[in-house]
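Beneath this line is the structure, given in structure tokens, with notes to follow.
Every number in this text was worked out from the coordinates using simple rules, so none of it is lab data. All values derive from a computational prediction rather than experimental measurement. So basically every Cβ, Gly included, is an ideal-geometry build from the backbone, and we count neighbours across all protein chains shown.
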Amino acid sequence: MNSLNVKKGDRVIVLTGKDKGKKGTVISASPKTETVTVEGVNVITKHVKPRGAQSPGGIQKEPGNIHVSNVQIVCPECGKPTRVAHAISEGKKTRVCKHCGASLDKAGKASAKKEKKSAKKAASDEAVTEEAPAKKTARRSAKKADKE
């Protein structure tokens with residue numbers, strides 16, 4: 001399986017094709033087919049059959065796939081289209097801008113969110129262990145005894 005230098009959520013610019021020069025956000029990336037779907041770029045028209053009352057048919061427009069070689073990441077720091085370099089920081093391999101050296105990964109934000117979630121989970125686990133209700137299994141056995 002191939003790995004891509006472009007990930008979901010990256011801001012990219014289209015290098016070739018009918019949408020050359022357009023910028024957009026990556027909606028999805030498929031390493032197997034080496035394609036990405038960019039918001040507002042390569043918009044295709046689909047004719048959809050009605051599939052019941054909840055999903056009426058009609059003509060729908062949605063973004064199509066673009067080969068990953070036809071897009072280039074735009075650095076969030078310097079704003080220039082850039083190739084991706086790799087560097088090791090904090091023991092992890094990260095993507096870095098070739099121009100300014102800024103990180104293209106949102107690892108700092110993601111790790112902060114994970115820490116907050118783990119703190120909330122630990123707090124909720126403590127509250128659950130303190131206020132655990134007693135099990136109500138005695139009722140069933142009492143009902144069975146009454147029937148006999």
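Numbers for the structure displayed
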quantity: Residue match in segment 37-56 (condition: more than 19 Å from the chain's Cα centre (by Cα) and within 21 Å of E77 (Cα to Cα)); calculated: no
quantity: Filter result (touching a helix residue (DSSP H, G or I) at 6+ places or on another chain (Cβ under 9 Å) and more than 19 Å from V26 (Cβ to Cβ)) within segment 66-98; calculated: S89, E90, K92
quantity: Residue in segment 1-36 that is surrounded by the fewest Cβ atoms within 10 Å (Cβ to Cβ), counting only those that are among the hydrophobic types (A, V, I, L, M, F, W, C), more than 14 Å from the chain's Cα centre (by Cα) and assigned to a loop (DSSP other than H, G, I, E, B); calculated: M1
quantity: Tally of residues being among the aliphatic types (A, V, I, L, M) and loosely packed, with under 13 Cβ neighbours inside 10 Å across segment 63-101; calculated: 2
